[in-house]
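Student: I have a structure here, written as structure tokens, and I will follow up with some questions on it.
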Amino acid sequence: MPSLQEELFPSTPGKFKIDRGNTMNRQFHRCFASTSTMFLWALFLIALTASYLSFQSFVDSGSRYFSASWGGIQWEKQVRNSAKIHRSGGMSVLVTGAAGFVGTHVSLALKKRGDGVVGLDNFNNYYDPSLKKARKSMLNDHGVFIVEGDINDAKLLDKLFDVVAFTHVMHLAAQAGVRYAMENPQSYVHSNIAGLVTLLEACKMANPQPSIVWASSSSVYGLNDKVPFSELDRTDSPASLYAATKKAGEEITHTYNHIYGLSITGLRFFTVYGPWGRPDMAYFSFTRNILQGKPITVYRGKNRVDLARDFTYIDDIVKGCLGSLDTSAKSTGSGGKKKGPAPYRIFNLGNTSPVTVPTLVDILERHLKVKAKRNIVDMPGNGDVPFTHANISLARRELGYKPTTDLQTGLRKFVRWYLSYYGYNNRVSKTEFLYHFTRTK
């Protein structure tokens, strides 16, 4: 039995001769060729896998696109129709936070006078989203289309400005509330700072750049004890994170005005109240608890002094918002390039008649015909301030702003809305009330 070596390398003379070196080379080349083939197959499999993953990513992206709440031909048509101007000299306005309290009223007022309005809202759950959905339904009935999305979504904002050349932006989207900042501080940074910057970035790149009116807050006056609060007062002592984010917003907007030529107006709202208001506000929660027979907590300040607020009715705030839009000059930049100086303005919008919180409760008791169960406690260190009082002389002079609704009248309107909306008044159906409300505003 020949050995394996003899089979590979036979030594019998005269039969054939093999060059062992060449044979080894052929074996090496054969092995190398085999290795090369395996390497090519490996490359092929890698390429195939990469192609599959790319295709899957494309499919997933397409699926996300088609299932998204914005985008597509029909969506663009709705946006354009809602943005159409129906009066001479009218404007096309993007209203952020359009399903919010102030946003709903401003959007309605703009639409009713013939301006184009497109809303944007993320419908978060800071308070009952069903109230926001009801506001959205009312706006939809009046031809205002609301895009469901977040102001931090840069692609969405770019798309909106691509579809419509907005002349103005009414920026009302924000994380509201002083006390909630102690529970969820990140939400204030996300909405009031990061969201504001994302919106300003979209506005600076738009062509043409829109004029911007946005909601600051009376909270920026913080621990200021000089009354009434004036726009010229220092605002460097905020008492809450909410106030600090609004103060930061004023600094940020000033920067974008200076660098990019954006025309910007900031509005410092003073304790806005009225129909369709926010459930976290004192007048709203007091009404709910009084009707349910639950006690209400009434805070008082140092030395047992009653807290006071410059309560401002929603219709007066709307007048100030529209006056700001109507008097705002054009932005001067284009495509992120400043071509000249643009105006930067700040106004107080208040009622300039502070009322104590116990007096507010007295008025609610009369309108509700129910006695409140009051728990009087000292104000905790949660960011609230003891009083607010607006000096509105600048807004009166520049905007023609003149509040006309006192607290007695405004709370009567709010209570009527509340009783109807939440079904306490069976004589007026919710549908009938919505019709009457929107017809008489």
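The values are calculated or read from the model by the stated rules, or taken from the named source; none is laboratory data. Since we're looking at a predicted model, the values are computed, not measured. Positions of Cβ are generated from backbone atoms using ideal geometry, with glycine treated the same way; all protein chains shown enter the neighbour counts. Just the protein is used for accessible areas: all its heavy atoms, side chains included, with ligands, DNA and RNA removed. Shrake-Rupley method; radii C 1.70, N 1.55, O 1.52, S 1.80 Å.
Student: Looking at (1) open to solvent by less than 10 Å² (accessible area, probe 1.4 Å); (2) in contact with a strand residue (DSSP E or B) (Cβ under 6 Å, 6 or more places away or on another chain), can you tell me which one ALA173 breaks?
Tutor: So ALA173 meets the others, but not (1).
Student: What do you reckon, is ASN207 out of contact with any strand residue (DSSP E or B) (no Cβ under 9 Å at 6 or more places or on another chain) and either assigned to a loop (DSSP other than H, G, I, E, B) or among the charged types (D, E, K, R) (or both)?
Tutor: no
Matching residues to (1) of a type in the set (A, V, I, L, M); (2) under 19 Å from ILE317 (Cβ atoms):
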residue: VAL220; (1), (2): yes, yes
residue: LYS226; (1), (2): no, no
residue: GLU231; (1), (2): no, yes
residue: ALA243; (1), (2): yes, yes
residue: GLY249; (1), (2): no, yes
residue: SER263; (1), (2): no, no
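Student: Within the stretch 354-373, does at least one residue satisfy the condition of being more than 27 Å from the chain's Cα centre (by Cα) and of a type in the set (Ser, Thr, Tyr)?
Tutor: Within the stretch 354-373 (the criterion being more than 27 Å from the chain's Cα centre (by Cα) and of a type in the set (Ser, Thr, Tyr)), the answer is yes, since at least one residue qualifies.
Student: Here are ALA181, ALA83: which of them is surrounded by 21 or more Cβ atoms within 10 Å (Cβ to Cβ) and out of contact with any Leu (no Cβ under 7 Å at 6 or more places or on another chain)?
Tutor: Checking each option against the conditions leaves just ALA83.
Student: Give me a count of the residues in the stretch 210-243 that are part of a loop (DSSP other than H, G, I, E, B) and either of a type in the set (A, V, I, L, M) or farther than 30 Å from ALA308 by Cα (or both).
Tutor: 5
Student: Select from the stretch 249-269 the residues that are in a helix (DSSP H, G or I) and crowded, with 18+ Cβ neighbours inside 10 Å and write down the one among them that is nearest to the chain's Cα centre (by Cα).
Tutor: GLY249
Student: Which one of ALA109, ALA99 is in a loop (DSSP other than H, G, I, E, B), open to solvent by less than 40 Å² (accessible area, probe 1.4 Å) and modelled with pLDDT of 95 or more? I'd like the intermediate steps shown before the answer.
Tutor: Values: ALA109 fails: in a loop (DSSP other than H, G, I, E, B).
One residue alone meets the criteria, ALA99.
Student: Output the residues belonging to the stretch 151-163 that are over 17 Å from GLN74 (Cα atoms) and surrounded by 20 or more Cβ atoms within 10 Å (Cβ to Cβ).
Tutor: Scanning the stretch 151-163 gives ILE151, LEU157.
Student: Search the stretch 351-376 for residues that are in contact (Cβ under 8 Å) with a residue 24 or more places away in the chain and pair each with any residue that is surrounded by fewer than 13 Cβ atoms within 10 Å (Cβ to Cβ) and β-branched (Val, Ile, Thr) when their beta-carbon atoms are under 8 Å apart and the residues are at least 6 apart or on different chains.
Tutor: Pairs found: ASN375/THR297.
Student: Could I ask something else about it? Which condition number does ASP236 fail, the rest of (1) in contact with a Pro (Cβ under 8 Å, 6 or more places away or on another chain); (2) modelled with pLDDT under 95 being met?
Tutor: (1)
Student: I need the full set of residues from the stretch 382-412 which are over 28 Å from GLY266 (Cα atoms) and not polar (S, T, N, Q), in order please.
Tutor: Residue satisfying the conditions is ARG412 alone.
Student: On the basis of being polar (S, T, N, Q), open to solvent by 70 Å² or more (accessible area, probe 1.4 Å) and modelled with pLDDT of 90 or more, does GLN78 make the cut? Can you show your working first?
Tutor: Working: polar (S, T, N, Q): yes; open to solvent by 70 Å² or more (accessible area, probe 1.4 Å): yes; modelled with pLDDT of 90 or more: yes.
Spelling it out, GLN78 is indeed polar (S, T, N, Q), open to solvent by 70 Å² or more (accessible area, probe 1.4 Å) and modelled with pLDDT of 90 or more.
Student: Something else now. Can you find, within the stretch 201-238, the residue that is surrounded by the most Cβ atoms within 10 Å (Cβ to Cβ) among those that are without any contact (Cβ under 8 Å) to a residue 40 or more places away in the chain and farther than 22 Å from ASN351 by Cβ?
Tutor: PRO238
Student: If I filter the stretch 275-291 for residues that are touching a residue at least 24 places away in the same chain (Cβ under 8 Å) and either in a strand (DSSP E or B) or within 17 Å of ALA390 (Cβ to Cβ) (or both), do I get at least one hit?
Tutor: no
Student: OK, next. State whether one or more residues within the stretch 325-334 are open to solvent by less than 40 Å² (accessible area, probe 1.4 Å), assigned to a helix (DSSP H, G or I) and modelled with pLDDT of 95 or more.
Tutor: yes
Student: A follow-up question, please. Name the pairs: first residue in the stretch 88-115 and under 15 Å from LYS136 (Cα atoms) and among the charged types (D, E, K, R), second residue outside any helix (DSSP H, G or I) and open to solvent by 20 Å² or more (accessible area, probe 1.4 Å), Cβ to Cβ under 7 Å, at least 6 apart or on different chains?
Tutor: LYS111/HIS142; LYS111/GLY143
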